[in-house]
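Enquirer: A single structure is presented below for examination.
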Amino acid sequence: MRGNTDSQKFTSLTIVRAGLFIAMSLVLKIIFEIYIPLAGIPALRINFASVPLIISGILLGPAAGFISGAAADIINFIAKPGGPFFPGFTLVSALSGFLPGLIYKYIKKDLNYNLLNTIFISLLSVGFVSVFLFNGLLTFDGGIIYDGKPLSILYIVGFFILVAIYLIIPIKVTSSNCDLSMNKIVFTVSVTQLITSIILNTYFLSVVYGKGFMIFLPARILTNFFMIPLYSVAISAVLNAVKGRFKI
């Protein structure tokens, strides 16, 4: 009898916590969201709504994270529809909670996350440049030419500085934080954003709006260059604040 009571309490507490993360995601999405038009449609949305969903998966597990993500998307569409309802976007939101939970539940070994993050940002950088080359926007005829005009050296330097920051921040933060590995958080966010934001969301946008996949891809990759480190720092701060209340 006691075991059943403990199980029921745990389930009720999980539901309450999941509801809290859903509410946080809705607030961040409704109040702090920025729309950037791509190909004449509001296809790029910059917000921190995924942060509470990622945290829900890490703290509550993949199942609770999946439900939190799906519920957050459906409730948000009812409260503030930003376009046509499409089940694919609900799936993406659900995976934003599910994948981090999966990583933290099953990847227990002390992997070399520094190496994995280096490989990821290298592949993301190559993919970003390759997309522009594929679309004919970037050429190397007598210099670096973007859309028929010489590309300023400032953009090139800025790109490499951004990549360096992406790699250095996790190491610096981890060195001052022995409790939670910032490198694993960056890895978790990177994998989650790659699958959900860069691949699936881009594909679903191309389906919904009838535009080419490559039209949306460059901006979404570039956005994640900025958002992945920001997401990681925010998630690390929250996890360290609640580490005494949760088993991470």
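Enquirer: Can you confirm whether THR14 is over 20 Å from ALA237 (Cβ atoms), part of a helix (DSSP H, G or I) and modelled with pLDDT under 85?
Expert: Against the criterion (over 20 Å from ALA237 (Cβ atoms), part of a helix (DSSP H, G or I) and modelled with pLDDT under 85), THR14 does not qualify.
Enquirer: Would you confirm whether or not segment 202-210 contains a residue that is of a type outside the set (Ser, Thr, Tyr) and at pLDDT below 85?
Expert: yes
Enquirer: A follow-up question, please. Given the residues ALA70, ALA39, ALA43, ALA49, which is the only one that is within 26 Å of ARG245 (Cβ to Cβ), in contact with a helix residue (DSSP H, G or I) (Cβ under 6 Å, 6 or more places away or on another chain) and modelled with pLDDT under 95?
Expert: ALA49
Enquirer: Any idea how many residues of segment 44-60 are out of contact with any Pro (no Cβ under 9 Å at 6 or more places or on another chain) and either in a helix (DSSP H, G or I) or surrounded by fewer than 22 Cβ atoms within 10 Å (Cβ to Cβ) (or both)?
Expert: 9
The values are calculated or read from the model by the stated rules, or taken from the named source; none is laboratory data. Only a predicted model underlies this, so the values are computations on that prediction, with no experimental measurement involved. FYI the Cβ positions are ideal-geometry reconstructions off the backbone, even for glycines, and counts take in every protein chain you see.
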